[in-house]
Amino acid sequence: MTVCASIPRFIDPEGLRSDPLSFLRAAHAAAGDIVVVTERGPAFSRKHDCAAAVAVFGPAGTRHVLSDADLFGPGVSVGELFSLPPALSRLNAGLFSMKGEEHGTQQQLLRTALDDMCTHGVDQVVAQAWQRFAEDLGLADDVPLLSEMRRLALHVSSLLVFGNTDLELGRLIQSYFELRRTVSAAATVPNLLQRRTLIQTGARLDRLLRARMLAFQADVAKGNAAAHACMMGRLHATARGSATEDQLIAQANTLFMSSSEPVAVSLTWILLILSQQPRLRRALRLELAERSERGDRDRPLLRAVIHEVLRLLPPNAIMVKVTTGPAQLLGHRLPPNCEILLSPFVAHRDSRDFQQADVLDPGRWHGWKPSTYAYFPFGLGARYCVGRQLALSLLVAILSSMLSRYDVVLAADQALDWKINITLMPAQEPIVRFLPAQMQYDVAGGRVHGPVAELMRY
């Protein structure tokens, strides 16, 4: 079966490869809400028997795809692609690899634990993590922003998930994630050394996670407060026999990365954009100071800035699904093994939902919400990210601590490109300086040039 001939075509392999974001925007503008972008083979999934790739835009198509997780399934995992050992496949077997009743049960378990953490634990975790991060922060030094935000996220996630300040396990999780990301992004099959390194690192991580689980269970039995308060403790208390050891370990691994890498990348984008907006930084500091004096925990301007940056630069700029059987979508028949592309990056710049869509305007969020399925930086539907509220809570708490203390400015004018490697991120390290915050005047720094500067207007 071939893809329905009535679906418009927009075929440009070089454009799709070299600049997928501009390509998808052009495809949407030229062809509408459904368009074939490859007629044979995948665009991103690397699925060897892929029939074609179809890009889908607009709330109706997005809702259809994201609401049926069984028919529109995930792409090929690294474990499947490279025939990794079962233990490594289980290590990353989080919610997105589950189906049916198992998915519903584990999603509810995780949501309950996360909601409890958002209500009672985030501020304390961030305060403790921030203190440890700041000990090694060189004031007025030139520092790589993304690396520093990953270091901060390491402190936060270690406390959040495991309830301790030992960073060894967290560093190993980050290293394993980076190895998987490098292997999955490569144009060729990994060589023997790369595969061996990935397997050895994953096996060591699996052993350490299991050892940590045993030690953790002993701590819980002893009534250790930190063990009860962290995410593993909350999951353990919520599960009460409804989750296996393998499932709890996979949840801990994916929870760590979900509260680490996307948060670090989002912080990088937010601080990079704020480095170009001294008046906005000052307005944020004034809001933080005034509301802290009143004991008011609400941060409307800060939340608006976070929502606006996630609109313009969503971590999951492109989402990939694959049809598991024949499907109907927007009046067209699709065959099995058809790659489906959704793009929050394109959706968030749709003029039907966002006026002056390419302009950074936090004010648009005051008293306004976009329509459902027009804004989905953390996904929506059956497989939405259950950690989205935790991620937002972490961003608010971390930025409140940081912006009240420091002006983060670009150390010098810098040309920056972007890349998509699971997440949308700067291709080069933005080099910044952390300066003591000034209430009296605006501090200017270097300017961003290059492709990153072209992603939005101020």
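The values are calculated or read from the model by the stated rules, or taken from the named source; none is laboratory data. What you are looking at is a predicted structure, and each value in this text was computed from that prediction instead of being measured. Cβ coordinates were reconstructed from backbone atoms using ideal geometry, including for glycine residues, and neighbour counts include every protein chain displayed.
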Out of Ile398, Ile420, report the one residue that is surrounded by 18 or more Cβ atoms within 10 Å (Cβ to Cβ), in contact (Cβ under 8 Å) with a residue 60 or more places away in the chain and not in a loop (DSSP other than H, G, I, E, B). Ile398
What is the residue count in the stretch 186-208 for residues that are under 24 Å from the mean Cα position of the chain (by Cα) and farther than 16 Å from Leu84 by Cβ? 1
Consider Leu392 carefully, then state whether it is assigned to a strand (DSSP E or B), among the aliphatic types (A, V, I, L, M), over 20 Å from Leu24 (Cβ atoms) and modelled with pLDDT under 95. no
Residues that are acidic (Asp, Glu) and either buried (at least 20 other Cβ atoms within 10 Å of the Cβ) or within 16 Å of Leu255 (Cα to Cα) (or both): does the stretch 149-172 have at least one? no
Condition check: modelled with pLDDT of 95 or more, over 30 Å from Arg196 (Cα atoms) and of a type in the set (S, T, N, Q). Does Ser67 satisfy that? no
Return the residue satisfying two criteria in turn: it lies in the stretch 260-277 and is of a type outside the set (Val, Ile, Thr) and surrounded by fewer than 24 Cβ atoms within 10 Å (Cβ to Cβ), and of such residues it is nearest to Leu394 (Cα to Cα). Glu261
Given Leu329, Leu341, Leu312, which one is more than 30 Å from Arg281 (Cβ to Cβ), touching a Lys or Arg at 6+ places or on another chain (Cβ under 9 Å), surrounded by 15 or more Cβ atoms within 10 Å (Cβ to Cβ) and modelled with pLDDT of 95 or more? Leu341
Could you please give the count of residues in the stretch 58-75 that are among the hydrophobic types (A, V, I, L, M, F, W, C) and either over 21 Å from the mean Cα position of the chain (by Cα) or surrounded by fewer than 19 Cβ atoms within 10 Å (Cβ to Cβ) (or both)? 2
Counting only residues that are surrounded by fewer than 17 Cβ atoms within 10 Å (Cβ to Cβ) and in a strand (DSSP E or B), the stretch 403-417 contains a total of 1
Could you look through the stretch 423-447, keep only residues that are surrounded by fewer than 19 Cβ atoms within 10 Å (Cβ to Cβ) and among the β-branched types (Val, Ile, Thr), and pick out the one that is farthest from Ser258 (Cα to Cα)? Val443
Here are some conditions: (1) closer than 29 Å to Phe44 by Cα; (2) more than 25 Å from the chain's Cα centre (by Cα); (3) without any contact (Cβ under 8 Å) to a residue 24 or more places away in the chain. Arg171 meets all but one. Which one does it not meet? (2)
Considering Leu235, Leu286, Leu280, which residue is closer than 28 Å to Pro377 by Cβ, buried (at least 21 other Cβ atoms within 10 Å of the Cβ), in contact (Cβ under 8 Å) with a residue 24 or more places away in the chain and not polar (S, T, N, Q)? Leu235
Among the numbered criteria (1) of a type in the set (S, T, N, Q); (2) surrounded by fewer than 19 Cβ atoms within 10 Å (Cβ to Cβ); (3) in contact (Cβ under 8 Å) with a residue 12 or more places away in the chain, which one does Thr38 miss? (2)
Cβ-Cβ distance below 9 Å, separation of 6 or more or different chains: which pairs start in the stretch 193-209 with a residue that is under 14 Å from Gln174 (Cα atoms) and end on one that is aliphatic (A, V, I, L, M) and not in a helix (DSSP H, G or I)? Leu198/Leu84; Gly202/Leu84
Kindly establish whether Thr165 is part of a loop (DSSP other than H, G, I, E, B) and of a type in the set (S, T, N, Q). yes
Report yes if Thr62 is over 29 Å from Val189 (Cβ atoms), of a type in the set (Val, Ile, Thr) and in contact with a helix residue (DSSP H, G or I) (Cβ under 8 Å, 6 or more places away or on another chain), otherwise no. yes
Check every one of the strands (runs of 3 or more DSSP E) wholly within the stretch 314-358 and list those with 2 or more residues that are within 25 Å of the chain's Cα centre (by Cα). 319-323, 339-342
In the set Asp206, Asp141, the lone residue that is of a type in the set (Asp, Glu), in contact with a strand residue (DSSP E or B) (Cβ under 8 Å, 6 or more places away or on another chain) and either at pLDDT 90 or above or farther than 23 Å from Ala227 by Cβ (or both) is Asp141
If you check Leu313, Leu330, which single one turns out to be in contact with a strand residue (DSSP E or B) (Cβ under 7 Å, 6 or more places away or on another chain) and on the phi > 0 side of the Ramachandran plot? Leu330
